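The values are calculated or read from the model by the stated rules, or taken from the named source; none is laboratory data. These numbers come from a predicted model, not from an experiment. Here the Cβ positions follow ideal geometry from the backbone for every residue, glycine too, while neighbour counts run over all protein chains shown. Keep in mind that these areas ignore ligands, DNA and RNA; they rest on the heavy atoms of the full protein, side chains included. Shrake-Rupley method; radii C 1.70, N 1.55, O 1.52, S 1.80 Å.
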Amino acid sequence: DKTGTLTEGRPVVTDVVAFDKDTDRLLSVAASAQLASEHPLAHAMVNAARARNLPLAAPKEFEAVPGQGLVAVIGGHALAIGNEALMDQLKIDRFTADSLRRNFEADGKTSVIVALDGRAVGVIAMADEIRPTARGALEALKAQGIRTAMVTGDTEAVARSVASRIGLDDVRASVRPEGKAEAIASLRQSAGGAVAMVGDGLN
């Protein structure tokens, strides 16, 4: 697993891009929707909003969509926060948001698209520091002849950025929670031996 295992699991908001330039409103609405979520990215947005002393109000409706994001109702408005798969499912045009996300991911940042009432209104990017012990742990495993792989729900670009910095042998990216068992089965078949999974238990 990546978040909370190879990384600190305490991502912080680095960029807030609102298409109408009102970054405080975008972050306030996004963080309000995340109040009921236990995901590390949700905590990052809530912490960033509180650091700016922005008003927060719990959503009237909230639904987490595993591996994609969430949908909620805030102040009578339909809100969606998540990745391309969620936006595609909701038929939301994400062309402008996608170009921003690609730039952020090239820098190793995880980003989410924020949509309000069926329209993309901005992008929020976050960074999660790699654990200082991660590289050493992987090197110790390799010294014992153990091959290492990362299975993550994050995008290919972000996953590759992390992998290149800590020396992983294999990367499986954009894997939804229910797909991780399948990824492990695939690794077991290709390795021809036992596979051990290490994670933070969030999934």
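Which ones in the range 141-158 are of a type in the set (A, V, I, L, M) and either over 16 Å from Thr5 (Cα atoms) or modelled with pLDDT under 90 (or both)? Give the derivation first.
Taking the range 141-158 as the starting set, the residues that turn out to be of a type in the set (A, V, I, L, M) are 141, 143, 146, 149-151, 157-158.
Within the range 141-158, Ala143, Ile146, Ala157, Val158 qualify.
Report, by residue number, each residue of the range 96-154 that is open to solvent by 20 Å² or more (accessible area, probe 1.4 Å), in contact (Cβ under 8 Å) with a residue 60 or more places away in the chain and either over 19 Å from Gly199 (Cα atoms) or of a type in the set (A, V, I, L, M) (or both).
Scanning the range 96-154 gives Thr96, Leu100, Phe104, Lys109, Leu116, Val121, Ala127, Ile130.
Could you say whether any residue in the range 112-123 is of a type outside the set (A, V, I, L, M, F, W, C) and under 30 Å from Arg188 (Cβ atoms)?
So far as the range 112-123 goes, no, none of its residues is of a type outside the set (A, V, I, L, M, F, W, C) and under 30 Å from Arg188 (Cβ atoms).
Would you be able to say whether some residue in the range 46-68 is in contact with a Pro (Cβ under 7 Å, 6 or more places away or on another chain) and at pLDDT below 90? Lay out the reasoning, then the answer.
So the first thing to find is which residues in the range 46-68 are in contact with a Pro (Cβ under 7 Å, 6 or more places away or on another chain), and the list is 66-67.
Okay, now just the ones that are also at pLDDT below 90, so 66-67.
Yes, that holds for at least one residue.
Sort out which residues of the range 6-35 are open to solvent by less than 30 Å² (accessible area, probe 1.4 Å) and part of a loop (DSSP other than H, G, I, E, B), and write them in order of number.
Listed by number, the residues that qualify are Leu6, Gly9, Pro11.
Any idea how many residues of the range 100-115 are over 21 Å from Gly9 (Cα atoms) and either part of a loop (DSSP other than H, G, I, E, B) or at pLDDT 95 or above (or both)?
Number of matching residues: 2.
Kindly indicate whether any position in the range 82-89 is farther than 27 Å from Ala159 by Cα, small (Gly, Ala, Ser) and either modelled with pLDDT of 90 or more or part of a strand (DSSP E or B) (or both).
Start the filter on the range 82-89 by keeping residues that are farther than 27 Å from Ala159 by Cα, which leaves none.
No.
Restricting attention to the range 36-49, report how many residues are open to solvent by less than 70 Å² (accessible area, probe 1.4 Å) and either part of a helix (DSSP H, G or I) or farther than 13 Å from Ile81 by Cα (or both). Explain how you work it out, then say what you get.
Taking the range 36-49 as the starting set, the residues that turn out to be open to solvent by less than 70 Å² (accessible area, probe 1.4 Å) are 36-37, 40-42, 44-46, 48-49.
Cutting the leftovers down to either part of a helix (DSSP H, G or I) or farther than 13 Å from Ile81 by Cα (or both) gives us 36, 40-42, 44-46, 48-49.
Summing the residues that are open to solvent by less than 70 Å² (accessible area, probe 1.4 Å) and either part of a helix (DSSP H, G or I) or farther than 13 Å from Ile81 by Cα (or both) in the range 36-49 gives 9.
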